[in-house]
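Structure first, commentary second.
The values are calculated or read from the model by the stated rules, or taken from the named source; none is laboratory data. This is a predicted model, so every value here is computed, not measured. Methodologically, a virtual Cβ is constructed for each residue, glycine included, from the backbone with ideal geometry; neighbour enumeration extends over all protein chains shown. Only protein heavy atoms, including side chains, enter the accessible area calculation; ligands, DNA and RNA are left aside. Shrake-Rupley method; radii C 1.70, N 1.55, O 1.52, S 1.80 Å.
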Amino acid sequence: MPRREVSGALTVLLAATLWGTTGTAQALGPDGITPVAVSALRMAGGGLLVVYAFARRMGAPLRSIMGWPLLIATMAMAASQPLFFSGVARTGVGVGTIVTIGSGPILAGLLAWIVRGDRVGMRWVVATALSIGGAVLLVAGGEAAGVDPTGLLFALGSGVAWATYLVAAKGLFERHPAVFVSGVVFTGASVLLAPWFLTSDLTWMTTPRGLAVSLWLALVGTGLAHTLFASALARIPVASAATLSLAEPLTAAMLGVAVLGEVLRWSTLAGGMLIVIGVVVLTRQPLSPPQSGSA
């Protein structure tokens, strides 16, 4: 992987690390906090990136990014949240998360190949297989979970939505300021999710702990994380970015043990090692110049 792509890969890893803190932040929140309210809050927080972009003179005329890619990216981002939480509610956290995070990289690689003509190399195949295997061990934790066919479809739909967002937004990030584009996407997604947010019990946000959790989820876990991810997506292939984002469950697992007091299982250690190996395989410098378009 060329040095420019290595830099982008490290940026994706940082973004995925920040994403991995959101579950712990939600767990540390006050009583009454709900996943649906959190997802809408995260989208609204990401929308603040538009204000930040114009304040830093990184904005662009809205008409310059209007079109099908923006519409598809916005709808996909909005859809991924309720689909994921609906899938988890029906299948359990283990199975639902495995299906979503496991299908995302594969679908993103295939969509990027079909739509954009991006090529995926053997390193991507190996790294993705290792990382998905690690994610399965991290999330499953060796515990059995119920399987509901409808829930599986919801979880798979979330993976499809995430992959669709990556492919649709890739071209926008290459031609326009990443912060501005991300802000517009999140603003649109927050409007679509507004009904869920407005009909939820939001009294938990008025407490000091609720306010702190809200600010972290909106500004750091979403705003900063997606700004980093967007800037990196302009430098590395979609398939590679999707695979590297599997560092998210690794962070979540580590925080679960260190902060929430969860039991450290052998599966957690093994899963973490597989993800790290997958990242090393994907980001290592090749001994010879890579082929054009290779992941």
Original post:
Only one of (1) of a type in the set (A, V, I, L, M); (2) more than 25 Å from Ala40 (Cβ to Cβ); (3) modelled with pLDDT of 85 or more is not met by Val281, so which one is it?
Top reply: (3)
Original post:
If Leu211 satisfies every condition in (1) in contact (Cβ under 8 Å) with a residue 12 or more places away in the chain; (2) touching a helix residue (DSSP H, G or I) at 6+ places or on another chain (Cβ under 7 Å) but one, which is the exception?
Top reply: (1)
Original post:
Which one of Leu228, Leu264 is open to solvent by 30 Å² or more (accessible area, probe 1.4 Å) and modelled with pLDDT under 80?
Top reply: Leu264
Original post:
Ala241 fails exactly one of the following numbered conditions: (1) open to solvent by less than 20 Å² (accessible area, probe 1.4 Å); (2) within 22 Å of Met75 (Cβ to Cβ); (3) touching an Asp or Glu at 6+ places or on another chain (Cβ under 9 Å). What is the number of that condition?
Top reply: (3)
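Yes or no, residue by residue, for (1) open to solvent by less than 30 Å² (accessible area, probe 1.4 Å); (2) of a type in the set (Phe, Trp, Tyr):
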position	(1), (2)
Val12	yes, no
Trp19	yes, yes
Thr22	yes, no
Ala27	no, no
Arg42	no, no
Phe54	no, yes
Gly67	no, no
Original post:
Got at least one residue in segment 68-83 being at pLDDT 80 or above and in contact with an Asp or Glu (Cβ under 7 Å, 6 or more places away or on another chain)?
Top reply: no
Original post:
For segment 32-73, how many residues are under 25 Å from Asp201 (Cα atoms) and either touching a helix residue (DSSP H, G or I) at 6+ places or on another chain (Cβ under 7 Å) or assigned to a helix (DSSP H, G or I) (or both)?
Top reply: 16
